[in-house]
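Enquirer: Shown below is the structure under consideration.
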């Protein structure tokens, strides 16, 4: 069974702090995606990384795909209350799976 | 096209009743997925369709659950004889072909929140 482990599971920080969320697996993925989900809504795609070692930036968010394509990280600089939500990673293209494999999520609360 | 639509947004039902949810995907997307999600957790895969063909069903999908996509467009998810453990958010997502998923991901609806009392 392919698993994506996310850590930490919960994170509560003050506005302006930096944070990093991790997504790890023993499987190699062709691509890894990060989604953000607000309460009562479906997940929304933030970014896709496909190349080992790839780094993508989205304003204050920096995403990195591990060299071996087994892990990824999401770093948020100067977090704001609007960053509050559930951050999910999802991996695709490993083995014969024809659907994304999902992590359990990191629930982030940014306090004003 | 305004994205993936799910109806209803909220459903409260008594234990033992049947419920049906509807999902309208993005029109050009041929893949449609159903997921279940409990509070603060990641989505759990239930089933997916490519056009009208149901290609995979999770072991989570007991015989009380059935999903259809009769014309390869909208889909319905029915739960018979609901139980309190069925209370969750039911999410629908759609996508292009699998190779496009690796780059463009899924587009999710806003979900149907089911509460079984």
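The values are calculated or read from the model by the stated rules, or taken from the named source; none is laboratory data. Since the structure is predicted, the reported quantities are computational estimates derived from the model, not experimental observations. Here Cβ is always computed from backbone atoms with ideal geometry, including for glycine, and neighbour counts include all displayed protein chains.
Enquirer: Can you pull out the residues in segment B:5-18 that are part of a loop (DSSP other than H, G, I, E, B) and either more than 15 Å from the chain's Cα centre (by Cα) or over 14 Å from residue B:90 (Cβ atoms) (or both)?
Expert: Start the filter on segment B:5-18 by keeping residues that are part of a loop (DSSP other than H, G, I, E, B), which leaves B:8-9, B:14-18.
B:14, B:15, B:16, B:17, B:18 - these are the residues of segment B:5-18 that are part of a loop (DSSP other than H, G, I, E, B) and either more than 15 Å from the chain's Cα centre (by Cα) or over 14 Å from residue B:90 (Cβ atoms) (or both).
Enquirer: Taking the stated definitions as given, is residue A:69 over 28 Å from residue B:38 (Cα atoms) and within 14 Å of chain B (Cβ to nearest Cβ)? Spell out the reasoning first.
Expert: Working: over 28 Å from residue B:38 (Cα atoms): yes; within 14 Å of chain B (Cβ to nearest Cβ): yes.
So residue A:69 fits the description; yes.
Enquirer: Now for a different question. Report whether or not residue B:83 is exposed (fewer than 15 other Cβ atoms within 10 Å of the Cβ), touching a strand residue (DSSP E or B) at 6+ places or on another chain (Cβ under 7 Å) and more than 12 Å from chain A (Cβ to nearest Cβ). Don't jump to the end; show me each part of the working.
Expert: Working: exposed (fewer than 15 other Cβ atoms within 10 Å of the Cβ): yes; touching a strand residue (DSSP E or B) at 6+ places or on another chain (Cβ under 7 Å): yes; more than 12 Å from chain A (Cβ to nearest Cβ): yes.
Answer is yes for this residue.
Enquirer: Among the candidates A:58, A:86, which residue alone is without any contact (Cβ under 8 Å) to a residue 60 or more places away in the chain, over 21 Å from residue B:32 (Cα atoms) and within 11 Å of the chain's Cα centre (by Cα)?
Expert: Numbers: A:58 fails: within 11 Å of the chain's Cα centre (by Cα).
Just one listed residue meets the conditions, A:86.
Enquirer: Something else: Hey, among the residues in segment B:40-52 that are in contact (Cβ under 8 Å) with a residue 12 or more places away in the chain and within 12 Å of chain A (Cβ to nearest Cβ), which one's nearest to residue A:84 (Cα to Cα)?
Expert: Initially, segment B:40-52 is screened for residues in contact (Cβ under 8 Å) with a residue 12 or more places away in the chain, giving B:43-52.
Filter once more, so that each one left must be within 12 Å of chain A (Cβ to nearest Cβ): B:43-50.
On the way: B:43: 18, B:44: 22, B:45: 25, B:46: 27, B:47: 29, B:48: 30, B:49: 32, B:50: 34 Å.
My answer is B:43.
Enquirer: Looking at segment B:27-38, I want the residues that are in a loop (DSSP other than H, G, I, E, B) and have a partner that is modelled with pLDDT of 95 or more and surrounded by fewer than 24 Cβ atoms within 10 Å (Cβ to Cβ) with Cβ atoms under 6 Å, at least 6 apart or on another chain. Which pairs are those?
Expert: Pairs found: B:38/B:88.
One line per residue, one yes/no per condition, for (1) touching a helix residue (DSSP H, G or I) at 6+ places or on another chain (Cβ under 9 Å); (2) assigned to a strand (DSSP E or B); (3) surrounded by fewer than 18 Cβ atoms within 10 Å (Cβ to Cβ); (4) within 13 Å of chain A (Cβ to nearest Cβ):
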{"position": "B:20", "(1), (2), (3), (4)": "no, yes, yes, no"}
{"position": "B:59", "(1), (2), (3), (4)": "no, no, yes, yes"}
{"position": "B:63", "(1), (2), (3), (4)": "no, no, yes, no"}
{"position": "B:77", "(1), (2), (3), (4)": "no, yes, no, no"}
{"position": "B:90", "(1), (2), (3), (4)": "no, yes, no, yes"}
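Enquirer: Quick check on segment A:15-36: of everything there that is touching a helix residue (DSSP H, G or I) at 6+ places or on another chain (Cβ under 8 Å) and in a loop (DSSP other than H, G, I, E, B), which residue is nearest to residue A:5 (Cα to Cα)?
Expert: A:30
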